[in-house]
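Visitor: This is the structure, below, for whatever I ask next.
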Amino acid sequence: MTGSPIRLGISRCLLGDEVRFDGGHKQDHFLTDVLGRYVEWIPVCPEVEAGLGTPREAMRLVGNPRGPRLVTIKSKHDHTPAMEAMIEERLDSFSKLDLSGFIFKRGSPSCGVERVRVYTAQGMPSHSGAGIFAKAFTEQFPLIPVEEEGRLSDAPLRENFIERVFCYRRFQDLVQNGFTRQALIRFHTIHKYLLLAHSQQHYETMGQLVAQAERYRPQDLTVKYGELLMKTLAMKATVRKHVNVLHHILGYFKKRLTAQEKVELLGVIDDYHRGLTPLIVPLTLMKHYVHVFDVSYIRDQVYLNPHPKELMLRNHV
Ligand code: SF4
């Protein structure tokens, strides 16, 4: 999987801390009770850290949608300067924390990643955008996977986010352990089927980059490959693409199956294709044969184990 700890930033109210404007919290039990066993949280409440206290007057984004202000609803106090000072200090500290992802509270004028209402000075909703802190974070760390807790209740989005987090951690390890052309080839090789489940075209573009690795300075190559990697993984892995990958993998041991085993395995893949079973079903059978026939090239593929099986993410996609 990955040897390094997975460190995720998180809007603090999602952990159950009573830091919201009304003195409450928004604990998310999947995060605290399930995902929390596999990651180290770095909790942040931008509003509390900006010195705004709890409870506090509710705020919203007001003004120019490209650079809205954070203003209290009733008293119209502008807290933007306090928030900007907090952001500058915190973003600096994040660069040293080696984060592999961030989970934000949706809808918040500080933490929401998207679709946060922006109001006119007259109090009318005019646009939607990102919370001030979340916007600054994503601009400063464009490769780090981010998600809102609300979207994580959707099984495919949840699986995708956690897959990106673990992949990004492996990429961080690749960079931090001394980025060589050989190490990059190995990384690209073991991610082949995972990438193909998202985009064949992007996988091929990344392959061209790896093949031309000597043309680039290591630092430039790291940036280019990292950008392509995270962009590819953010693309939707559809059932059709997974079926395609499963057939590719089957090709490595198909000839060693009996006629009956082959029919059975194809039937299981077809059931998944038709929505009768989740991905975990054909994958478990594939893994069984990869183990039995000792297909080392496939055994090493991240696609088979992209995140801890205990999270059961592929039982629902
Ligand atoms: S949404 Fe963000 S700013 Fe609001 S309480 Fe939660 S962590 Fe604090």
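Visitor: How many nm is it between the label spots at residue 183 and residue 153, if each spot is 7 Å from the Cα in line with the beta carbon?
Guide: Taking the two extended label points, one gets 4.2 nm.
Visitor: Where does the Debye-calculated log10 I(q)/I(0) of region 204-317 sit at q = 0.19, 0.20, 0.21, 0.23 Å⁻¹, using only Cα point scatterers of equal weight, no solvent?
Guide: The calculated log intensity ratios at q = 0.19, 0.20, 0.21, 0.23 Å⁻¹ are -1.06, -1.12, -1.18, -1.30.
Visitor: What's the FRET efficiency of residue 255 with residue 205 using the Cβ-Cβ distance as r and R₀ = 25 Å, to the nearest 0.05?
Guide: So the FRET efficiency works out to roughly 0.20.
Visitor: Still on this structure, I have one more. For a quick check: sort 40, 84 by the number of other beta carbons within 10 angstrom, fewest at the front.
Guide: By the 10 Å Cβ count, ascending: 40, 84.
Visitor: Take peptides 8-18, 261-271 and line them up by average Cβ neighbours within 10 Å, highest first, as a rough protection proxy.
Guide: 8-18, 261-271
Visitor: From the Cα gyration tensor of region 248-315, with a ≥ b ≥ c the square roots of its eigenvalues, which class applies: rounded if a/c is under 1.5, or else prolate if a/b is larger than b/c, or else oblate?
Guide: Here region 248-315 falls in the oblate category.
Visitor: Let me ask you something else. Count charges around residue 116 for me, please; just the other residues with Cβ under 12 Å from its Cβ, Lys/Arg as +1, Asp/Glu as -1.
Guide: +4
Visitor: Do the alpha carbons of any pairs in 192/254; 192/255; 26/192; 231/255; 26/287; 76/231 sit beyond 28 Å of each other, and which pairs?
Guide: In this structure, 26/192; 231/255; 26/287; 76/231 lie more than 28 Å apart at Cα.
Visitor: Relative to the longest principal axis of the chain, what angle (0 to 90°, nearest 10) does the C-alpha long axis of helix 200-211 take?
Guide: 80
Visitor: Here's something else I'd like to know. Write down, largest first, the equivalent ellipsoid semi-axes of region 155-233 in whole Å, where each equals the square root of 5 times an eigenvalue of the alpha-carbon gyration tensor.
Guide: 21, 14, 10
Visitor: Measuring from label point to label point, each 7 Å out along Cα→Cβ, what is the residue 120 to residue 66 span in nm?
Guide: The two pseudo-label positions are separated by 2.0 nm.
Visitor: Once you treat every alpha carbon in region 6-103 as an equal point and sum by Debye, what is log10 I(q)/I(0) at q = 0.11, 0.13, 0.20, 0.24 Å⁻¹?
Guide: Debye curve over Cα of region 6-103, log10 I(q)/I(0) at q = 0.11, 0.13, 0.20, 0.24 Å⁻¹: -0.38, -0.53, -1.08, -1.25.
Visitor: Decide, for region 109-163, between rounded, prolate and oblate: order the square roots of the alpha carbon gyration tensor eigenvalues as a ≥ b ≥ c, take rounded if a/c falls under 1.5, and otherwise choose prolate if a/b is larger than b/c, else oblate.
Guide: Oblate shape, in that a/c is at least 1.5 and b/c is the bigger or equal ratio.
Visitor: With an 8 Å cut-off on Cα pairs and a minimum separation of 6 or more residues, tell me the relative contact order of the chain in percent.
Guide: Reported as a whole number, the value is 15 percent.
Visitor: By DSSP, what percent of the beta bridges with both residues in region 7-153 are antiparallel, rounded to the nearest 5?
Guide: 40
Visitor: OK, next. With no solvent and one point per C-alpha, what does the Debye sum give as log10 I(q)/I(0) for the chain at q = 0.08, 0.14, 0.16 Å⁻¹?
Guide: Results for the chain at q = 0.08, 0.14, 0.16 Å⁻¹ read -0.44, -1.10, -1.29.
Visitor: Hey, another quick one. Rounded to the nearest 500, what is the 222 nm mean residue ellipticity of the chain from helices alone, with -39500 (n - 2.57) per DSSP H run of 4+ residues and division by all residues?
Guide: The per-residue figure over the chain is -13500 deg cm²/dmol.
Visitor: Angle between the Cα long axis of helix 181-190 and the longest principal axis of the chain, 0 to 90 degrees, nearest 10?
Guide: 80
Visitor: Something else about it: For the Cα atoms of the chain, what angle does the longest principal axis make with the long axis of helix 155-176, in degrees from 0 to 90, nearest 10?
Guide: Roughly 80 degrees, rounded to the nearest 10.
Visitor: Out of the DSSP beta bridges found with both residues in the chain, what percent are antiparallel (nearest 5)?
Guide: 40
Any read-out appearing in this document is the output of simple, stated calculations on the displayed coordinates, not a laboratory observation. Because the structure is predicted, anything quoted here is derived from the model rather than measured. When we count neighbours, we look across all protein chains shown, and the Cβ atoms used for this are built from the backbone with ideal geometry, even at glycine.
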